[in-house]
Amino acid sequence: MRRQVRIIGLLAFVLVLFSFGLTYIVHADEQNRLDIQVDAGLNGKVKQQQGYPVTLKVTNNKADFTGDLVVTLPVDNKVIPIDIAADTTKTITFSVPAMRDNGMLRQGPNQNVQRFHLYKGSWENGEEVTIDTSLEWSPAHISREKLVIGVLSDRPDSLNYIKLASFHGENPEVIHLQADDLPEDAAGLDVLDLLVINDYSVATLPDTIQAAIKDWTGEGGTLVTGSEPGMQQQFGELADLLPLTVKGKKTVQTIQGFNKLYQKPLQADNLELFTGTVNEKADVLYKEGSTPLVAEKSFGKGVVTQLTFDLGLPVLADWKGSQPLWETIGSDSGSMNPQMRPPNLRMNDQLANMSKTFPTLADFKVSTLSLLFVAYLLLILPVLYMVLKKADKREWAWIVIPVIAVISSVGLYTVGAKDRGGHVKTNTVSVISVDEKGIGSGDGAVSMLSKGAGTYTLSMDSKLDPVSATNRHNPRPSFSDLPFVEAKGNKTAIHYRDVEFWSPRSAAIDYPVKQYGHFQSDLTRGDDNISGQITNKFEHDMQDIYLISGRNYHKVGDLAAGKSKKIRFSVKNKDFYQRPTEGVAQQIFGQRGSMAQSSDKALQSELLSNTIRSNMKHNVNTPVLIGFTDEVLYPITVNGDETVQNNHHLFTQPATIQLPDKERGSFSTRMKLPNVSVLDGQMIHNGTKQGHPFIDAEAGSYLLTYELPASIRNHSFQLNKIDVSISNRRGSASYSLYNAKKDTYEKIDQNQASFDQRVHKKYLKDNDVVIRVSSSGDGPIDVPTVRVEGVINP
């Protein structure tokens, strides 16, 4: 018996050892199933609140693997399918979108957030396998106030002189790029404010990267290039963006055309200037005689600037005029006035909040409930009492009153809960800006309203690049709380889990750069009237079309697709030359959020107001045509089914108002809202963005640049008089007018000042009137009104 016990004990010991050994082997096999290396940013650099690329180098040292890699971002979990053979390495790239919470991706000293999860099979029902939990990315962060310039050149050192330029007292961050650094989607290029391409064949880049650069430009980027022979061929898919088609060249020894920027000319031996045809939609900013030096062309919300010489010429590094030249080129980029920018980089957060208000819920007013309650009391008390008394059936009240109460309750619930019936409802709010050819892009948000608790999948075209709009009340949600974003083919799905019943979920979307349609207009100003015809060249019927300028507006009305309407209205004592201000939204639709107006009008007011403040080009001084449509731009499905879509799409387009040839003569216009830039100090609030004539700033100096309207700039004109009106000179503020001829500032001593001597040559700089305001104390500073008078040359 004792021998049997020993044998059994020995066998048990062997089994325990074997089991421990077996467990160790399995653990070793599954430890760090894939080796992943992470590289984030452009050359390891990212910009705060801007999008940037991430590259994953995945190595499989074991058996073939198929599954999903889930990367946790601040607002969602990005699903990346992985199919990798044994003993191979694969490179995967994606972009982190621009968002306020990008800083959350940086690990703190006491944080241990697992950002990568690996699943064998699908993330939904597959098995999670072991992965290195310390995986993270920690790129160098550049402050959002600093201008970032990307350089793409086969001779990058020849452009190092750009680093010496000063933008508001700070040198730019210059990143030299290689082809391998460039992402395949536009969001990855958001690190950059300017992209400089010189002496480089863009056509050799993959088509996806060329498309990304084009989309980035159309979405608000600034593309700068020099010139050389064969530009059209070398620029590949970007060739149609160029302001100048190079056809020849000329040799010069000196360039005088930049004298407005720097008085000493550019001296060079046999400098080659490339000549050709300027695109009809391009503007020539500087020229040498009749030869363009700098041409600029808008593309969507961005701009392409082409200089007609090699940007890498050694003489440019020694010429002191290079710095003001680059400062002028960079002045239109998004980061130039960081103090003036809205707190959110994009409009998507605001649009997401707007899209969460569903019409049927918003229209059920308290007054309606009050009337129903009063009617209920009248029915129950006097009416029912009198009827039953007359019929001598008052005892029926014990039955009739409960029946009426049940019927009323069921009726009220049916009305209030009708959103839970039928298809799931979605609400889309968008702003799309197009040029006069109809090319544009935009921002938007989609919200769905759940019919019951559970999981919902919101699916749409991948071109919209949807990103979940998370609940801001939970600033650091866990992995399981975030929705999963998954791209399949040409569709992208956002999976929301554990959705409460009758609850909204939202996604921010970016409308791609493409042809959307446009308003074809032929508007002419004369005899204090504007007249002409507007045609709807969009594919959609448009409602509430307005021509807006400053705080002035004219209602055009509704126009079906392809239809035209003639307009004529008086503009006596009104300026219809300038860009709109935020206050025009209230002028048209009333106060934002007013309970007295319908939800549609409130939404239109808020949508237009936010668009003018955050999404319009503030360096383009022209009137704007706007129009709304409620038609479907892109189909949306929830759980694979079509939805009941409610849409509010706002389209904006610059408008040109011509001066008739036969009536060319004198003109007079007031300019109230300049572009404000910082010389030294700090901007606290720029009231001009909301249409208010003041800024709130710390002690320092600030430039107020009043741009002549495009309707005047596009003609040959002579400026004869400038009137400066300061309505409230506060505290220690002092004002001076820039004299471009002497490169000095002339002090403005009076609140009402006039200048009428050689005005055109002395006080006009690149079609701008510039005033410097300086203050030794903190607080509000009044922004003057500038009135100009002159004549249009025949």
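Points to keep in mind about this one:
- Check on D193, under 23 Å from W326 (Cβ atoms), acidic (D, E) and either exposed (fewer than 15 other Cβ atoms within 10 Å of the Cβ) or within 24 Å of the chain's Cα centre (by Cα) (or both): yes
- The set of residues in region 212-256 that are more than 33 Å from the chain's Cα centre (by Cα) and surrounded by fewer than 20 Cβ atoms within 10 Å (Cβ to Cβ) comprises P229, G230, K247, G248, K249, K250, T251, V252, Q253, T254, Q256.
- For region 540-568, a tally of residues being farther than 22 Å from I432 by Cβ, of a type outside the set (V, I, T) and touching a Ser or Thr at 6+ places or on another chain (Cβ under 8 Å) returns 4.
- Checking region 750-766 against the condition returns no match, with no residue being within 25 Å of S549 (Cβ to Cβ) and in contact with a helix residue (DSSP H, G or I) (Cβ under 7 Å, 6 or more places away or on another chain).
- Scanning region 484-520 for residues that are surrounded by fewer than 21 Cβ atoms within 10 Å (Cβ to Cβ) and among the hydroxyl-bearing types (S, T, Y) returns a single hit, S503.
- Every residue from region 284-304 that is more than 26 Å from the chain's Cα centre (by Cα), farther than 13 Å from K260 by Cβ and hydrophobic (A, V, I, L, M, F, W, C): V284
- In the set K747, K741, only one residue is closer than 30 Å to P794 by Cα and either among the charged types (D, E, K, R) or in a loop (DSSP other than H, G, I, E, B) (or both); that residue is K741.
- Candidates S732, S736 - the one that is in a strand (DSSP E or B) and of a type in the set (G, A, S): S736
- Only residues that are within 12 Å of R33 (Cα to Cα) and either in contact with a helix residue (DSSP H, G or I) (Cβ under 8 Å, 6 or more places away or on another chain) or in contact (Cβ under 8 Å) with a residue 40 or more places away in the chain (or both) were counted across region 117-143, and they come to 8.
- In region 289-309, the condition of being surrounded by 19 or more Cβ atoms within 10 Å (Cβ to Cβ), among the charged types (D, E, K, R) and over 13 Å from L244 (Cα atoms) is met by at least one residue.
- Scan of region 751-794 for residues that are among the polar types (S, T, N, Q), in contact (Cβ under 8 Å) with a residue 24 or more places away in the chain and either more than 22 Å from S711 (Cβ to Cβ) or part of a loop (DSSP other than H, G, I, E, B) (or both), ordered by number: N751, Q752, S754, N767, S774, S775, S776, N793
- Every residue from region 135-161 that is closer than 21 Å to Q234 by Cα, hydrophobic (A, V, I, L, M, F, W, C) and either more than 26 Å from the chain's Cα centre (by Cα) or surrounded by fewer than 20 Cβ atoms within 10 Å (Cβ to Cβ) (or both): L159
- Every residue from region 86-113 that is modelled with pLDDT under 80 and either assigned to a strand (DSSP E or B) or touching a helix residue (DSSP H, G or I) at 6+ places or on another chain (Cβ under 9 Å) (or both): A98, M99, R100, V113
One line per residue, one yes/no per condition, for (1) within 30 Å of H692 (Cα to Cα); (2) among the polar types (S, T, N, Q):
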{"residue": "K451", "(1), (2)": "no, no"}
{"residue": "K463", "(1), (2)": "no, no"}
{"residue": "A487", "(1), (2)": "no, no"}
{"residue": "V499", "(1), (2)": "no, no"}
{"residue": "R505", "(1), (2)": "no, no"}
{"residue": "Q520", "(1), (2)": "no, yes"}
{"residue": "R525", "(1), (2)": "yes, no"}
{"residue": "F538", "(1), (2)": "no, no"}
{"residue": "S549", "(1), (2)": "yes, yes"}
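- Of the residues making up region 685-706, just one is acidic (D, E) and either crowded, with 21+ Cβ neighbours inside 10 Å or in a loop (DSSP other than H, G, I, E, B) (or both), namely E698.
- Test for R758: is it on the phi > 0 side of the Ramachandran plot, basic (K, R) and surrounded by fewer than 18 Cβ atoms within 10 Å (Cβ to Cβ): yes
- Selection from region 692-747 of residues that are of a type outside the set (A, V, I, L, M) and within 21 Å of I657 (Cβ to Cβ): Y706, E707, P709, S711, R713, N714, H715, S716, F717, Q718
- The residues of region 715-749 that are in contact (Cβ under 8 Å) with a residue 24 or more places away in the chain and of a type in the set (S, T, N, Q), listed by number, are S716, Q718, N720, S725, S727, N728, S732, S734, S736, N739.
- Meets criteria (farther than 19 Å from N714 by Cβ and assigned to a strand (DSSP E or B)) for G312: no
- Looking across region 31-61 at every residue that is among the aliphatic types (A, V, I, L, M) and assigned to a strand (DSSP E or B), the one that is nearest to L177 (Cα to Cα) is identified as L42.
- For region 411-433, residues that are modelled with pLDDT of 75 or more and surrounded by fewer than 20 Cβ atoms within 10 Å (Cβ to Cβ) total 1.
The values are calculated or read from the model by the stated rules, or taken from the named source; none is laboratory data. All figures in this text were calculated on a predicted structure; none of them were measured in a lab. For neighbour counting, all protein chains shown are included, and Cβ atoms are generated from backbone atoms with ideal geometry for every residue, glycine included.
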